[in-house]
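Single-structure report; data block below.
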């Protein structure tokens, strides 16, 4: 039987968005066994109720514990906001790392004091986001402009990173933020880094400048490293590994791994359940 340090690290998202976090973890932890779960059969989470998101997150956590993981990374802003407390209560022995919109670094670096926050409706409506926003606005001279990007996750899941439909949505969502003086944008969904270039292109067309963009994937990786260090759970040696699981099409996740990360791990389709 493997020791705790030899156990895997599980990473999950509603779909392929969490690959933007996985790429940082994969680079920083080359010796670890990594398992990625894309719950694409239930995507997007952004239009689900909190109870539905908690149920899916706990089901995925149960799958991972069956695979003997030592750590669980919730690489989804919506699932973190809705379910991370329930995950920690269910499995207190696990290292659990979530992801939140990078409001603090955005507040610290904004020159205009106006920050646009691109996220799902569920994330923006969550108590967790409201508390974080209030805390940051009390500490910094900053005004946050929340923008729900309805439909954007669906297009990214389909691989439409630069399509006219994607660019059209981005123009609609970015224009009011730029008009109000936002000089910094927070990517509050792990899917959105994959359209970062499109976001920058739209901003240049709309206002001839590119706002600073905050992506929290690196911060999640640093937190995972800290917690593994604190518990002595780093894998000591050997080659790392990576495997993918999905509740939708295996080929879709395979293409996402190859196209977005230039990786070709084994992928298993689990079906919906």
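The table that follows gives values for the structure above.
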quantity	calculated
Residue within the stretch 170-177 that is at pLDDT 95 or above, out of contact with any helix residue (DSSP H, G or I) (no Cβ under 7 Å at 6 or more places or on another chain) and buried (at least 18 other Cβ atoms within 10 Å of the Cβ) present	yes
Options 161, 145; residue that is assigned to a strand (DSSP E or B) and more than 16 Å from residue 77 (Cβ to Cβ)	145
Top-ranked residue of the stretch 154-169 - restricted to ones that are in contact (Cβ under 8 Å) with a residue 60 or more places away in the chain and out of contact with any helix residue (DSSP H, G or I) (no Cβ under 6 Å at 6 or more places or on another chain), ranked as surrounded by the most Cβ atoms within 10 Å (Cβ to Cβ)	157
All positions within the stretch 111-153 that are more than 17 Å from the chain's Cα centre (by Cα), surrounded by 15 or more Cβ atoms within 10 Å (Cβ to Cβ) and in contact (Cβ under 8 Å) with a residue 60 or more places away in the chain	114, 115, 116
Within the stretch 203-247, tally of residues that are at pLDDT 95 or above, under 22 Å from residue 166 (Cβ atoms) and assigned to a loop (DSSP other than H, G, I, E, B)	1
Which numbered condition residue 177 misses (of (1) closer than 28 Å to residue 94 by Cβ; (2) in a helix (DSSP H, G or I); (3) touching a residue at least 60 places away in the same chain (Cβ under 8 Å))	(1)
Only one of 54, 95 that is in contact (Cβ under 8 Å) with a residue 60 or more places away in the chain, farther than 20 Å from residue 152 by Cα, in contact with a helix residue (DSSP H, G or I) (Cβ under 8 Å, 6 or more places away or on another chain) and surrounded by fewer than 24 Cβ atoms within 10 Å (Cβ to Cβ)	95
Some residue of the stretch 256-267 being in a loop (DSSP other than H, G, I, E, B), loosely packed, with under 13 Cβ neighbours inside 10 Å and touching a strand residue (DSSP E or B) at 6+ places or on another chain (Cβ under 6 Å)	yes
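The values are calculated or read from the model by the stated rules, or taken from the named source; none is laboratory data. All of these numbers come straight from a predicted model, not from anything done at the bench. As a convention, Cβ positions derive from the backbone with ideal geometry for all residues, glycine included, and neighbour counts pool all protein chains shown.
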